[in-house]
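Here is the structure we will look at.
The values are calculated or read from the model by the stated rules, or taken from the named source; none is laboratory data. Since this is a predicted model, take the numbers as computed values, not measurements. Cβ atoms come from the backbone with ideal geometry, glycine included; neighbour counts cover every protein chain shown.
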2 protein chains.
Amino acid sequence: MEKDTSIPEDLKLAVLEKIKPTETERKKLTAVQEELATEVKAAAEKLCVADIFVKMVGSAARGTWLSGTHDIDVFISFPEETSRGELESRGMEIAREVAKKAEHAEDRHAEHPYLNIVFKGFDVDLVPCFRVASACQLKSAVDRTPFHNEFVKTHIKGREDDVLLMKQFMRGGGVYGSELKTQGFSGYLTELLIIHYGSFENTVKAACFWKPGKKIDIMQHSETEHDEPLIMVDPTDPKRNVAAALSLDKFCMFMDHCREFLKNPGLKFFFPPPLAPLEDREFLEKLESRKSSQLAIVFQTPDVVDDVLYPQLYKMEQAAAALLHEYDFSVIKTGVWSGKPETVIMIELISGTLPNVKKRIGPPVWVREHAEKFKAKYEGAENVFGGYIEGGKYVFEVQRKYPTAKGLLEEQLVNCSLGKHVHQSVSKGFEIVEDADVCMLRDLDFRVFLRKWV
Amino acid sequence: MEKDTSIPEDLKLAVLEKIKPTETERKKLTAVQEELATEVKAAAEKLCVADIFVKMVGSAARGTWLSGTHDIDVFISFPEETSRGELESRGMEIAREVAKKAEHAEDRHAEHPYLNIVFKGFDVDLVPCFRVASACQLKSAVDRTPFHNEFVKTHIKGREDDVLLMKQFMRGGGVYGSELKTQGFSGYLTELLIIHYGSFENTVKAACFWKPGKKIDIMQHSETEHDEPLIMVDPTDPKRNVAAALSLDKFCMFMDHCREFLKNPGLKFFFPPPLAPLEDREFLEKLESRKSSQLAIVFQTPDVVDDVLYPQLYKMEQAAAALLHEYDFSVIKTGVWSGKPETVIMIELISGTLPNVKKRIGPPVWVREHAEKFKAKYEGAENVFGGYIEGGKYVFEVQRKYPTAKGLLEEQLVNCSLGKHVHQSVSKGFEIVEDADVCMLRDLDFRVFLRKWV
């Protein structure tokens, strides 16, 4: 089994070299943060909004940001007694005032509206929030962020590098990011893991032995049962699981990544070599060697944010597989790729065609009423090959309604339970592309996806 | 639902016209029976065997034989205290003495040996047996026959025609005969049904409502639990189920035959039109319209009696289906045909080919030792397409060992659990014939089987 290797110091240093912000970067960020704070306060004054605080939150404020990322989160904090309407209108007025000096601005919406701007090359979120006494008394989800910020800042000191290493290590394993597309580890979750286990190395070693249901409760104050694979009780809210968005497969992929890394630590676990787009020739060779059926459902990508889009795409992936299964097709695997302008649901099948004949098994002969109804329906009917008794039941060999997966999807896909935006797009039209015709899809990012697929 | 039609008298008469022995037939049979009795007694005397009785048993002796059948059962009954060895040797000596006057003679063997002869055109079994006091004290299975004979003779009077109708009706439904090939209704079982229900019509009407586990106990003396579909407690032996050989499907086929008959009584239920052998052209058309895969396993028919052969063929049919299922092939149905010189196991499949790629699902990632062994076995191995985590488990896409059903059977069929004689024959050689090549099998009886098959 695994040797009890310690992770070489020079490997960690080599990684940090690439990911740790330089002194110059750090100074630039601090300067921009200060400038933004000044701008917000000036805007509030100009708009006669009293009693607001400006808070820098997020990894930039905690010293756990990766070099090359340029994200700043500025929270504009209103007194708790402010009404939600006032918070939103006054908050956004201040943000828009600040945005006058930005290169770009865009309204966004989570639980309430916020403004995303590009300011001196940084990607800045200006977020109005309530100033509540504790994270348990939230008026809105964003209100907890300042509490997270406080907790991390007071506990992470001296372990910022471990956080950086872990974030990059998770990126390398494809499990970093808690958006609904990725369903992986959030930045805050990563920080809490380091706080709990003490270091990058301890976390990696501990994760090798995780089991679903693994619970970490730093403050020993858990108040709720959770059934997610990993339960990281929020130190600022005993009811909340910080790892609620982590899927079982990403949980397992992380464990696998940790085990493989400890067997043979190396840079590739942090910086995996990029995959080249799969070429036509390679795809056709794979088709020939696998001899399965490849099916791509292609449609226009709905114009919504990823957190709205991906849950609908995953739902569609499930729905298509269930439909195929219902009509006797054997699905090997399914996958989702989405780009602009198109989205592709990939499905690999044992076979895209089935024989015309299909066996319908009826009720036992002695359940007289049902058995006779079943027999009357099929006996001598059109498209029935024949019937017999097998295992005490009437069996009829009937004409299969959908002998091809393509025909089934073309006719029935729109009747599946699909999310709103996906349903709208699919209703406007979609195409089923089979086997060698998948080569018609030329998007390079799709071709990278295809390399992992076959 | 079913109308409460009575069965038209003239239909019964029309059937009886064809199946009831004529006065001439009857006289001939009686004369031959008497002659046989005389011969047996003379033979015993000649061989100095004292104290034997001659008993005529079977349907001929009970007046429930169908016209055109020429079966006579002669039991040579020895005192109970006779040793088994003596019974067999002396009994067969007497039988062989009688056989000197026969056109043909053949040794046969059930629980003990008996002689089958052709005597004046009749098919005669000469069977040595013990004379026991009651059917419960049997020394051998054939010893119960005289008790059956007595019971039927004393209870069937006046209802012989109903027995004839029922036997012919069961023949028409393909459920008559308790040999291991047919697994249907024996003559004795048919007689007991008529005795219990009183008439052909009552039996047909009652059978429509049978359920598996249906128990008939004429003497109300059952002593044992049985789990067969029909339990007809032997009036001469409270422990025995006369219907033990009846399969669930033949039980159901009889119920179905009764229901259909009552809906629209007609001669065809007694005398179904014979099926014509399926021609090549018809078979090819059926292949084209079904689009499934047809597979025939062809081998030399072992030279053993049907009661030994058929259980082995049915076992082989099951074993072949299980083997195909184990290797992911989807069986639609299987069938057995046996003739001279060849036997055919027919198998219809969704497809006779599968893709090269096969999905191997391993243990959950968190069951560390098993999961790591599984991963180590497949990762980077030859003939492995790739791996991933799905549903918390390692999954590898590996090269399928048997992508064709033909290849699988050719290599693995002999390793299946087969009966002794079938195994010997299959070991000597067999052929897998696919789809259109099935036309190479030209036996007309096989072609009749094929008409029912497709």
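Miscellaneous remarks
Here's the yes/no breakdown for (1) closer than 26 Å to B:Ala371 by Cα; (2) touching a residue at least 40 places away in the same chain (Cβ under 8 Å); (3) in contact with a helix residue (DSSP H, G or I) (Cβ under 9 Å, 6 or more places away or on another chain); (4) buried (at least 19 other Cβ atoms within 10 Å of the Cβ):
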residue	(1), (2), (3), (4)
A:Tyr176	yes, no, yes, yes
A:Leu180	no, yes, yes, no
A:Glu201	yes, yes, yes, no
A:Lys205	yes, yes, yes, yes
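- Per-region count, the range B:110-149, residues without any contact (Cβ under 8 Å) to a residue 12 or more places away in the chain and among the acidic types (Asp, Glu): 0
- Meets criteria (among the aromatic types (Phe, Trp, Tyr), in contact (Cβ under 8 Å) with a residue 12 or more places away in the chain and closer than 23 Å to A:Leu138 by Cα) for A:Tyr188: yes
- Selection count, the range A:393-424, where residues are small (Gly, Ala, Ser) and in a helix (DSSP H, G or I): 2
- Boolean, B:Asp161 is of a type in the set (D, E, K, R) and not assigned by TED's automatic domain parsing to the domain that holds B:Thr64: yes
- Test result for A:Arg360, of a type in the set (Lys, Arg) and facing chain B (nearest Cβ under 8 Å): no
- Of the residues screened, A:Gly174 is one that is within 26 Å of A:Lys18 (Cα to Cα) and of a type in the set (Gly, Ala, Ser).
- Residues in the range A:405-424 that are surrounded by fewer than 19 Cβ atoms within 10 Å (Cβ to Cβ) and in contact with a strand residue (DSSP E or B) (Cβ under 7 Å, 6 or more places away or on another chain) were compared, and the one that is farthest from the other protein chains (Cβ to nearest Cβ) is A:Glu410.
Rundown of residues vs (1) among the hydrophobic types (A, V, I, L, M, F, W, C); (2) in contact with a Lys or Arg (Cβ under 7 Å, 6 or more places away or on another chain); (3) over 30 Å from A:Lys268 (Cα atoms); (4) in the same structural domain as A:Glu191 (by TED's automatic domain parsing), yes/no style:
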site	(1), (2), (3), (4)
A:Glu23	no, no, no, no
A:Val32	yes, yes, yes, no
A:Glu39	no, yes, yes, no
A:Ile52	yes, no, yes, no
A:Val57	yes, no, yes, no
A:Gly63	no, no, no, no
A:Thr69	no, no, no, no
A:Ile72	yes, no, no, no
A:Phe78	yes, yes, yes, no
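- Test set (1) away from chain B (no Cβ under 12 Å); (2) more than 30 Å from the chain's Cα centre (by Cα) - A:Arg368 fails condition number: (1)
- Annotation: B:Trp65 fulfils all but one of (1) touching a Ser or Thr at 6+ places or on another chain (Cβ under 6 Å); (2) more than 30 Å from B:Met170 (Cβ to Cβ); the unmet one is (2).
- Looking only at the range B:437-454, and only at residues there that are closer than 14 Å to B:Pro341 by Cβ and touching a residue at least 60 places away in the same chain (Cβ under 8 Å), the one that is farthest from the chain's Cα centre (by Cα): B:Leu441
- Just one residue in the set B:Asp123, B:Asp73, B:Asp162 is surrounded by 16 or more Cβ atoms within 10 Å (Cβ to Cβ), at pLDDT 90 or above and within 20 Å of B:Lys27 (Cα to Cα); that residue is B:Asp73.
- Any hit, the range A:178-188, residues being in contact with a strand residue (DSSP E or B) (Cβ under 7 Å, 6 or more places away or on another chain) and more than 29 Å from A:Ala133 (Cα to Cα): yes
- Odd one out for A:Lys375 among (1) facing chain B (nearest Cβ under 10 Å); (2) closer than 22 Å to A:Ala436 by Cα; (3) not in a loop (DSSP other than H, G, I, E, B): (2)
- Within the range B:378-392, the set of residues being part of a strand (DSSP E or B), more than 9 Å from chain A (Cβ to nearest Cβ) and hydrophobic (A, V, I, L, M, F, W, C) comprises just one member, B:Val384.
- Taking the numbered list (1) of a type in the set (Lys, Arg); (2) surrounded by fewer than 18 Cβ atoms within 10 Å (Cβ to Cβ); (3) not assigned by TED's automatic domain parsing to the domain that holds B:Ser425 in turn, B:Lys315 passes all entries but (3).
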